[in-house]
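The values are calculated or read from the model by the stated rules, or taken from the named source; none is laboratory data. As the structure is a computational prediction, the values presented were derived from the model and not from experiment. No Cβ is skipped: glycine too gets one built from the backbone with ideal geometry, and neighbour counts run over all protein chains shown. These area figures cover heavy atoms from the full protein model, side chains too; ligands, DNA and RNA do not enter into them. Shrake-Rupley method; radii C 1.70, N 1.55, O 1.52, S 1.80 Å.
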Amino acid sequence: MKDFVIPWDDADKGTPAKAGAPVTLNIDGIAVTVPEGTSVMRAAAEAGITVPKLCATDSLEAFGSCRLCVVEIEGRRGTPASCTTPVAEGMVVRTQTDKVAKLRKGVMELYISDHPLDCLTCAANGDCELQDMAGMVGLRDVRYGYDGESHVHARQNGEANPRYLPKDESNPYFTYDPSKCIVCSRCVRACEEVQGTFALTIEGRGFDSRVSAGMAGDDFLGSECVSCGACVQACPTATLQEKSVIELGTPDRKVVTTCAYCGVGCSFEAELNGDRLVRMVPWKHGKANRGHSCVKGRFAYGYASHPDRVLNPMIRDRIDQPWREVSWDEAIGFAAGKLRDLQARHGRQAIGGITSSRCTNEETYLVQKMIRAVFGNNNTDTCARVCHSPTGYGLKTTFGTSAGTQDFDSVEAADVVMVIGANPTDGHPVFGSRLKKRLREGARLIVVDPRRIDLVRTPHVQAAHHLPLRPGTNVAVLTAMAHVIVTEGLVDEDFVATRCDLDAFQDWAGFVADPRHAPEATEALTGVPAAELRAAARLYATGGNGAIYYGLGVTEHSQGSTTVMAIANLAMATGNIGRPGVGVNPLRGQNNVQGACDMGSFPHELPGYRHVSDEGARAVFERIWGAKLDDEPGLRIPNMLDAAVAGEFKGIYIQGEDILQSDPDTHHVAAGLAAMDCVIVHDLFLNETANYAHVFLPGSTFLEKDGTFTNAERRINRVRKVMAPRNGYADWEITQMLANAMGADWDYTHPSEVMDEIAATTPSFAGVGYALLEREGSIQWPCNETLPKGSPVMHMDGFAGGKGRFMVTEYVPTDERTGPRFPLLLTTGRILSQYNVGAQTRRTANTVWHQEDVLEIHPHDAESRGIREGQWVKIASRKGETSLRAHLTDRVSPGIVYTTFHHPDTQANVVTTDYSDWATNCPEYKVTAVQVSPSNGPTEWQEDYAAQAARARRILPAAE
């Protein structure tokens, strides 16, 4: 297959690249210089010489089992395997002698003698390494025949063959055919080295060896396999094969693009036949994922062609009416007319919009531009505020920049890793795999989480310390850790003296040294044993390079911004900033949360995090946009909803967000939407918010557009159009049509032009352009004249704000309290197979792993309430109630319950409150006082909601 996008070398060189002093050797008469530690096989590949191989691949360490890669080396006896033999200075290697040719052919004969000869009908035909290698070694016959014992046929000599195993088709995405296995162990090694799950093994010995998923009798679906696809990608035959390839055939072209799920931002090769997507394969040159993937990015792309997807615009006058399909011109004219009429009757501030963290940077930029320059106000908000706005506030206050400090490669240099309020193996699984690999190599782990996440104890990984804090006490725990670091003399005095504001440090140090912040004093509040907290603080301060990774368990609290500043304080106090292996790293939840923030989606900030009151910043945009900008901050989503209920806010444009399911206090969201006269939903499916919409504009998937995403490490990655938009237009084109219908005069013809405008207006993007991205593959901002190739690690020579600023972090308890009526604390999160509100993943085969949201409850709490495993339970708060099934587990502590929010049938946010972060209004999803009791099934509210949703989704036949 030819890569039409980036002409980089995709050849498999057999073993991983190494770094070291140069070594020169001679291979088949060609002098080649490679780093010390490089294998002979890779050195040969660098010289353009291909050595046959089956067990070797450059994503895995050398194994040396297939014996196909043997060579002769002057001065050495025998024929060593080139994959396991390191180069040496002056070495002379011969890869094509008569002796090695005979050996290779003999080895291949043995493989083929126990392999099906169905090449013409095999799904791997044309993409099979065994087939390729047989041709390469010149195999033309098999001396041993095919009549002896084998694993190939179900019956042999008229009797059942005990060695034969039928094909395992249990996994929804790939098959396992034991008859085609050559026991190269690549799948087993990929599961261990790349993914870190250790789900696969080789059972049996000698001729009876075969791959096994889990225990005897387990199939792939029932095993511990997480369906990341690493084994399928590693398999050189059709033993492990994507079902899509079996059905659609071998792809003949590919386009490199970026995954549209979590904030890791994995690069993929979308492989196609014509315009039909056959499979997604992780791109080996992707700097965020380094050739790895998870079940979502690798396999869960089928939502793009799901029957539920809406492809035609629809309108209606009232939300109790059925939808009516119309042309694009009519839909855009209807929407623009409604919005203009509302502004004429109720004022310029009566409408607003919401940008999407799932859309590209260019699309997000255009939405906020339309709101500011065409609507004439700053009523723009985004789901990024609902998850990570405290990151922006906290890091800008302390470091001077609203983003994480490292690239993902940095974890490879970490000695101590602290994970706070995040679950990387579920929420950011590719990074989670890289983290587990570093932990297996010897790094130490501290987990701060009320729940026992997988990282606390998983195969070959165990946290040195788990601090199971009570939800809502993050600030108290981190301040207690700071107390230990300051009072025990563990501060990096040189770093603080040279890089930080000393007056601010003295104030902070005096604050945390107060005995009331000692671990012993806070233990009753946080639930964390004082001795364990002290040990964790000492480890972070003295264990070498210390890196902190955190997630929504930090930000989605009433003190989210304070917690981020407390994390930054710890990093500065210990000198863990400004080099590889350290830093403060927010794990962003969606694919373009970082980009949505960068592009000015907040009501108080223009692109590049410049306040709307900054006259100089406004002047830049006013000159290029040709419009006068409002200097007053606009409304956030909760304010828009409040104003709608009050009759002051009348219309909203929502691109790619489902606020009715994702935002807190579902009743309040529904009331606000119902009070508006014009709700425009721009999305792929009739989501929950669309129940209250008057206009539906069908969106395009990431496969159908050009643009960029910015991931959690500030990496700007290209999104490339794989196929034409099934709805007719990319999302940026739809926004442009609406803006022009409202009086704008935009004439963009390609997203690259939008990026040029972003670069012209936003200092941190000043050097970014599509030409640079095509050349480099990706870039981490800031990218400008000083840093023309971006910034993998920030704050290396100094903080963006000058001196690092320590902030006093006083613990203030949330107003959400437990009591006799609501004695339990609910916290929420995600699961590996599902994503966000589930609109995409629920429309894929991923539902086989997670058919419904369940409530995790400790057996003690369940027993005292008469609750059994799998029983329906009602969870009630001061805001609402819903029902779901119970799962009894000691992952949660007594007094704490946990659920996910992927399924609208549950609507978990009907019970969450409207409390929020003091600085950014980020909702407090992680602390809700609840009561749990046995139930007979869905609540009356759930049944009413389902009925209302069904009525709201009626679509008139086209003829009507």
Inspect all residues belonging to region 660-669 and state whether any of them is at pLDDT below 95, under 23 Å from the mean Cα position of the chain (by Cα) and among the hydrophobic types (A, V, I, L, M, F, W, C). yes
Only one of Thr889, Thr882 is in contact (Cβ under 8 Å) with a residue 60 or more places away in the chain and either open to solvent by less than 20 Å² (accessible area, probe 1.4 Å) or closer than 16 Å to His667 by Cβ (or both). Can you tell me which? Thr882
Does region 599-614 contain any residue that is open to solvent by less than 30 Å² (accessible area, probe 1.4 Å) and assigned to a helix (DSSP H, G or I)? no
Of the numbered conditions (1) over 30 Å from Thr562 (Cβ atoms); (2) crowded, with 21+ Cβ neighbours inside 10 Å; (3) modelled with pLDDT under 95, Asn846 satisfies every one except a single condition; which is it? (3)
Residue that is farthest from Leu686 (Cα to Cα) [pool: residues in region 918-960 that are in a helix (DSSP H, G or I) and touching a helix residue (DSSP H, G or I) at 6+ places or on another chain (Cβ under 9 Å)]: Trp941
Of the candidates Thr761, Thr786, the one satisfying the condition of being farther than 30 Å from Arg516 by Cα and touching a helix residue (DSSP H, G or I) at 6+ places or on another chain (Cβ under 6 Å) is Thr761
State all residues of region 910-954 that are at pLDDT 95 or above, in contact with a Pro (Cβ under 8 Å, 6 or more places away or on another chain) and open to solvent by 20 Å² or more (accessible area, probe 1.4 Å); if no residue qualifies, say none. Gln931, Arg954
Out of (1) closer than 30 Å to Cys228 by Cα; (2) in contact with a Lys or Arg (Cβ under 7 Å, 6 or more places away or on another chain), the one Ala845 does not meet is (2)
Could you tell me how many of the residues in region 376-414 are closer than 17 Å to Tyr549 by Cβ and out of contact with any helix residue (DSSP H, G or I) (no Cβ under 9 Å at 6 or more places or on another chain)? 3
Taking only pairs six or more apart or across chains, which ones have beta-carbon atoms under 9 Å, a first residue in region 675-694 that is hydrophobic (A, V, I, L, M, F, W, C), and a second residue that is in a strand (DSSP E or B) and open to solvent by 10 Å² or more (accessible area, probe 1.4 Å)? Leu686/Ile955; Ala690/Asp683
Those residues of region 783-821 which are of a type in the set (A, V, I, L, M, F, W, C) and farther than 30 Å from Ala771 by Cα amount to Phe806, Met807, Val808, Val812
Answer with yes or no whether Glu852 is among the acidic types (Asp, Glu), open to solvent by 50 Å² or more (accessible area, probe 1.4 Å) and closer than 24 Å to Arg358 by Cβ. yes
May I ask you to verify whether Asp677 is in contact with a Lys or Arg (Cβ under 7 Å, 6 or more places away or on another chain), at pLDDT 95 or above, within 30 Å of Val793 (Cα to Cα) and open to solvent by 10 Å² or more (accessible area, probe 1.4 Å)? no
What strands (runs of 3 or more DSSP E) completely inside region 618-704 contain at least 3 residues that are of a type outside the set (Lys, Arg), touching a Cys at 6+ places or on another chain (Cβ under 8 Å) and on the phi < 0 side of the Ramachandran plot? 651-655
Is region 232-255 home to any residue that is open to solvent by 10 Å² or more (accessible area, probe 1.4 Å), of a type in the set (Ser, Thr, Tyr) and within 30 Å of Glu774 (Cα to Cα)? yes
Filter region 143-173 down to the residues that are touching a His at 6+ places or on another chain (Cβ under 8 Å) and at pLDDT 85 or above and list them by number. Leu165
Residue identified as open to solvent by less than 30 Å² (accessible area, probe 1.4 Å), among the hydrophobic types (A, V, I, L, M, F, W, C), more than 21 Å from Ala384 (Cβ to Cβ) and touching a Phe, Trp or Tyr at 6+ places or on another chain (Cβ under 6 Å) among Ala739, Ala744: Ala739
Region 749-772, subset open to solvent by 30 Å² or more (accessible area, probe 1.4 Å) and over 28 Å from the mean Cα position of the chain (by Cα), residue nearest to Arg340 (Cα to Cα): Thr749
Helices (runs of 4 or more DSSP H) wholly inside region 164-269 that include at least 2 residues being in contact with a strand residue (DSSP E or B) (Cβ under 9 Å, 6 or more places away or on another chain) and touching a residue at least 60 places away in the same chain (Cβ under 8 Å): 230-234, 243-248
Condition (residue is touching a Pro at 6+ places or on another chain (Cβ under 7 Å), in a helix (DSSP H, G or I), over 23 Å from Leu272 (Cβ atoms) and not charged (D, E, K, R)) applied to region 736-745: is it met by at least one residue? no
Set Met796, Met755, Met807: member being modelled with pLDDT under 95 and either part of a helix (DSSP H, G or I) or not aromatic (Phe, Trp, Tyr) (or both): Met796
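Results for (1) on the phi < 0 side of the Ramachandran plot; (2) of a type outside the set (S, T, N, Q), shown as yes or no for each residue.
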{"site": "Val768", "(1), (2)": "yes, yes"}
{"site": "Gly777", "(1), (2)": "no, yes"}
{"site": "Asn784", "(1), (2)": "yes, no"}
{"site": "Ser791", "(1), (2)": "yes, no"}
{"site": "Thr814", "(1), (2)": "yes, no"}
{"site": "Arg817", "(1), (2)": "yes, yes"}
{"site": "Thr828", "(1), (2)": "yes, no"}
{"site": "Gly838", "(1), (2)": "no, yes"}
Mind checking which helices (runs of 4 or more DSSP H) fall wholly inside region 275-393 and carry at least 2 residues that are free of Cβ contacts under 8 Å to residues at least 60 places away in the same chain? 328-346
Among residues of region 344-372, those that are open to solvent by 20 Å² or more (accessible area, probe 1.4 Å) and touching a Gly at 6+ places or on another chain (Cβ under 8 Å), counted: 3
Please identify the pairs in which a residue from region 444-465 that is of a type in the set (Asp, Glu) has its Cβ atom under 7 Å from the Cβ atom of a residue that is surrounded by 21 or more Cβ atoms within 10 Å (Cβ to Cβ), counting only partners at least 6 apart or on another chain. Asp449/Gly421; Asp449/Gly553; Asp454/Thr425
For region 615-644, what are the residues that are over 29 Å from Val669 (Cα atoms) and crowded, with 21+ Cβ neighbours inside 10 Å? Ala617, Phe621
